[in-house]
Amino acid sequence: MTHTKPVLPAFDEVDHGIRILEEERRRIARDLHDGPAQTLTNISMKLEVLKMMIDSDVEMAKNQVDQLHKKVGSVIREIRHLIYDLRPIAVDEVGLFEATKALCTQLQQNWNVPIEIHVPDSVESKSIAPARQVALYRLIQEILNNMKKHAQAKTITLTVSQENDELRITICDDGVGFDPNHIPAGHYGLLGMKERALYLGGTLEIDSVIGEGSTFVIRVPVRKG
Ligand SMILES: Nc1ncnc2c1ncn2[C@@H]1O[C@H](COP(=O)(O)OP(=O)(O)O)[C@@H](O)[C@H]1O
Ligand SMILES: [Mg+2]
């Protein structure tokens with residue numbers, strides 16, 4: 001009887017994969033901490049104050065209740081947004097580019113910044129393996145979320161092109177720009193994105209000028225179209 005050895009991924013590949021997962025968890029933890037957890041702590045403190053003044057100043061107390069009600073509403077929206085980011089997406093059903101278009105439509109709606117998206121008909125999601133499409137989608141999602149969070153952009157452009165076996169996704173904003181070589185401690189998003197691109201056998205190039213905006217170029221190998 002012959003035994004075939006199971007094909008295990010190389011160690012540094014496993015290492016890479018684990019690091020990407022850990023970074024993802026760190027980001028989720030940070031988003032929950034900076035967002036809903038902080039707002040809820042604030043609401044809890046205001047409720048303490050409200051309890052003390054409720055008998056002495058009913059009008060002011062009513063006012064506070066209204067404000068706290070609004071704050072609770074904003075926490076609910078924040079949590080919904082985080083869930084939307086995390087939920088499994090239909091990339092494998094509709095394909096990377098359709099899913100990206102849907103993401104852009106959704107982002108534009110609650111962000112009010114137009115996103116121009118150019119995908120030539122010659123580029124097809126089919127030429128990219130399904131798991132790689134999901135990884136690319138997450139990469140695009142994170143770049144766009146960063147633009148939403150940090151760039152103060154007026155417009156965003158997302159352009160897809162393919163030359164032979166290289167797929168290129170370019171995402172530009174015309175916002176405040178930043179120095180990619182001097183990222184403050186404790187921010188691992190960009191690092192994680194670069195790792196993700198390397199994991200796909202490709203690269204992520206970041207070009208940014210303070211006051212003029214930022215350009216992110218993802219390059220990954222695909223099957224020839
Ligand atoms: N599109 C962008 N425009 C301006 N600044 C950006 C942009 N993308 C990233 N940055 C800057 O790079 C820093 C690091 O980003 P990241 O690693 O994703 O961490 P985080 O989003 O948690 O702050 C951000 O804090 C921000 O200062
Ligand atoms: Mg980020």
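We did not get these values from a lab; they are worked out from the coordinates using the rules stated. Predicted, not measured: the structure shown is a model, and the values here were computed from it. Positions of Cβ are generated from backbone atoms using ideal geometry, with glycine treated the same way; all protein chains shown enter the neighbour counts.
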Q) In square nanometres, what is the average projected area of the Cα convex hull of region 95-221? A) 7.5
Q: Can you tell me the relative contact order of the chain? Whole percent, Cα pairs under 8 Å, sequence separation 6 or more.
A: 18
**Q.** Separation of alpha-carbon centers, region 159-225 and region 42-110, rounded to whole Å
**A.** 30
**Q.** FRET efficiency, residue 118 to residue 56 (Cβ-Cβ, R0 41 Å, nearest 0.05)
**A.** 0.10
Q) From a point 7 Å beyond the Cα of residue 199 in the direction of its Cβ, which residues of region 11-28 have a backbone N at a distance under 14 Å? A) 12-28
Q) Loop-only check: which chymotrypsin sites (Phe, Trp or Tyr not before Pro) in region 92-137 are DSSP coil with at most 11 other Cβ within 10 angstrom? A) none
Q. Assigning unit charges at the beta carbon (Lys, Arg +1; Asp, Glu -1) and nothing else, what dipole magnitude in debye, to the nearest 20, does region 1-156 show about its Cα centre?
A. 140
**Q.** Distance between modelled label sites at residue 92 and residue 15, nm, 7 Å Cα→Cβ extension
**A.** 2.9
Q | Residues residue 25 and residue 223, FRET efficiency given R0 of 35 Å [Cβ-Cβ distance, rounded to 0.05] | A | 0.65
Q) When only DSSP loop residues count, what trypsin sites (Lys or Arg not before Pro) in region 189-225 have their Cβ near at most 14 other Cβ atoms within 10 Å? A) 223, 224
**Q.** Fraction in percent of alpha-carbon pairs per bin - 5 Å, region 11-86
**A.** 3, 14, 17, 15, 12, 10, 9, 7, 5, 3, 3, 2, 1, 0
Q: Would you compute, for the Cα atoms of the chain, the largest minus smallest coordinate along each principal axis and list the three values in descending order, in whole Å?
A: 81, 53, 37
Q) What does the charge dipole of region 95-221 about its Cα centre add up to, to the nearest 20 debye, if the Cβ of each Lys and Arg holds +1 and the Cβ of each Asp and Glu holds -1? A) 420
Q) Which of the helices in the chain, when you take each full DSSP H run, stretch at least 30 Å along the axis at their Cα atoms and have an average Kyte-Doolittle score of -0.5 or higher? A) 58-86
Q | Positive-pole candidate from 198, 118, 187, dipole of region 95-221, charges at beta carbon | A | 187
